[in-house]
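S.K.: Next up is a structure, given as structure tokens.
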Amino acid sequence: MSDDTSLQIPFPHRRSGHGPYATELHRAWLTRHPLLPDPAHPSYAHWDVVDLAALGYPDAGPDELALAADLMGFYFLFDDQFDGPLGRRPAEVAPICDRLVAVLHGAKADRDSPVETAFADLWERSVQGMPARWQARAAYNWEYYLASHPAEAAGRISPRPPDRAGYQVLRRGTAAMETIFDMIERLGRFEVPPAVLHHPVLRQLRQLAADIPSLTNDVRSFPLEAPRGDVNNLVMIVRRERDCSAEEACAVVMAEAQLMVERARELYEGLPDVHRELGLARVERIIAQRYAEGLVTWLAGYLSWERRTGRYQEAR
């Protein structure tokens with residue numbers, strides 16, 4: 001299959017210089033919360049998890065970047081536990097996720113569960129110093145992410161393949177992008193004014209920045225996901241819709257993603273008008289612009305990382 005899986009991105013990517021410091025702290029975190037048998041396992045190191053954090057949050061301070069790296073590691077390792085037989089048993093997946101949702105609302109983590117202690121640590125560090133409104137939003141977005149995994153497991157054993165609408169709802173949950181975008185504010189120590197955060201233009205930009213990586217990831221991971229029975233992949237849906245080859249379906253998905261990139265650029269360039277129309281004060285405009293820049297910087301950084309990471313090399 002063709003490896004033409006790159007997009008033309010109008011946004012530059014940058015990298016934090018605190019990567020080596022964050023790498024040491026991340027390795028120590030994995031030792032305290034053994035989500036891996038060996039924190040220095042060559043396969044995991046080849047994923048370049050810390051580099052994803054450094055590209056996604058290039059302005060984060062040293063300790064903030066370490067938090068971001070721990071988050072990236074948790075997403076991947078938590079998700080990967082469902083790639084095997086467990087990921088086809090939704091009745092067993094649900095209690096795992098429910099316990100983490102309970103942690104969001106004050107439950108104590110089971111000290112014998114590395115997943116629970118790791119998540120509790122991440123949540124405690126994430127909410128530190130953040131206002132109640134942000135914490136409520138972040139908790140909801142984490143719940144969406146966690147609660148999507150039982151549905152994903154059920155989809156693998158369902159006789160009904162997902163349609164586009166169902167795919168979109170579930171993919172937006174399992175991708176965890178809203179939680180990733182919440183961290184733009186947390187790591188930058190600011191909060192976006194509600195009138196801007198929920199303005200149609202910024203909401204569209206945020207959704208595109210969330211959806212584009214899902215499409216490119218679906219293309220890169222399709223050869224690995226198809227044999228193991230995963231169905232929540234847009235390439236598979238396009239193949240059914242068009243009765244076409246996998247290569248043709250990948251090209252269609254990438255073309256859709258490129259159109260989304262172009263729309264994101266238009267929306268981003270229109271944000272100064274939105275700020276003026278809302279009558280934002282100067283400090284509010286600065287905060288709103290920082291958040292928007294964080295969205296497109298994450299997008300550019302993720303796509304740069306995705307092209308190079310060893311995480312998806314098996315899928316080629």
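S.K.: Assigned to a helix (DSSP H, G or I), touching a residue at least 24 places away in the same chain (Cβ under 8 Å) and among the basic types (Lys, Arg): is that true of residue 285 in this structure?
M.R.: Taking the combined requirement at face value, the residue does not satisfy it.
S.K.: Related question: In segment 261-310, which residue that is among the acidic types (Asp, Glu) and closer than 16 Å to residue 216 by Cβ is surrounded by the most Cβ atoms within 10 Å (Cβ to Cβ)?
M.R.: 306
S.K.: Checking residue 70 against (1) touching a residue at least 40 places away in the same chain (Cβ under 8 Å); (2) open to solvent by 30 Å² or more (accessible area, probe 1.4 Å); (3) among the charged types (D, E, K, R); (4) closer than 22 Å to residue 184 by Cβ, which test does it fail?
M.R.: (2) is the only condition that residue 70 fails.
S.K.: Would you confirm whether or not segment 166-189 contains a residue that is of a type in the set (A, V, I, L, M, F, W, C), open to solvent by 30 Å² or more (accessible area, probe 1.4 Å), over 20 Å from the mean Cα position of the chain (by Cα) and closer than 21 Å to residue 89 by Cα?
M.R.: no
S.K.: Would you mention how many residues in segment 115-155 are small (Gly, Ala, Ser) and over 16 Å from the mean Cα position of the chain (by Cα)?
M.R.: Total meeting the criteria: 9.
S.K.: Run residue 64 past the list (1) touching a Phe, Trp or Tyr at 6+ places or on another chain (Cβ under 9 Å); (2) open to solvent by less than 40 Å² (accessible area, probe 1.4 Å) and report the number of the one that doesn't hold.
M.R.: Exception for residue 64: condition (2).
S.K.: Another question, if that's okay. Go through 219, 192 for me and flag whichever is open to solvent by less than 10 Å² (accessible area, probe 1.4 Å), within 24 Å of residue 235 (Cβ to Cβ) and β-branched (Val, Ile, Thr).
M.R.: 219
S.K.: Also: Return only the number of the condition from (1) at pLDDT below 95; (2) open to solvent by less than 40 Å² (accessible area, probe 1.4 Å); (3) of a type outside the set (Ser, Thr, Tyr) that residue 160 does not satisfy.
M.R.: Condition (2) is where residue 160 drops out.
S.K.: Turning to a different aspect of this structure: Between a first residue in segment 108-133 that is under 20 Å from residue 194 (Cα atoms) and open to solvent by less than 20 Å² (accessible area, probe 1.4 Å) and a second residue that is part of a loop (DSSP other than H, G, I, E, B) and not hydroxyl-bearing (Ser, Thr, Tyr), which pairs have beta carbons less than 9 Å apart while being 6 or more apart in sequence or on different chains?
M.R.: Partner pairs satisfying both residue conditions: 130/189; 130/191.
S.K.: Is it the case, given these coordinates, that residue 238 is crowded, with 20+ Cβ neighbours inside 10 Å and in contact with a His (Cβ under 8 Å, 6 or more places away or on another chain)?
M.R.: So residue 238 does not fit the description; no.
S.K.: So, one more: The conditions are (1) in contact (Cβ under 8 Å) with a residue 40 or more places away in the chain; (2) surrounded by fewer than 20 Cβ atoms within 10 Å (Cβ to Cβ), and residue 38 fails exactly one of them. Which is it?
M.R.: (1)
The values are calculated or read from the model by the stated rules, or taken from the named source; none is laboratory data. These figures come from a predicted structure and were not determined experimentally. Quick reminder, even Gly has a Cβ in these numbers, built from the backbone with ideal geometry, and neighbours come from all protein chains shown. We work out accessible area using only protein heavy atoms, side chains counted, and drop any ligands, DNA or RNA first. Shrake-Rupley method; radii C 1.70, N 1.55, O 1.52, S 1.80 Å.
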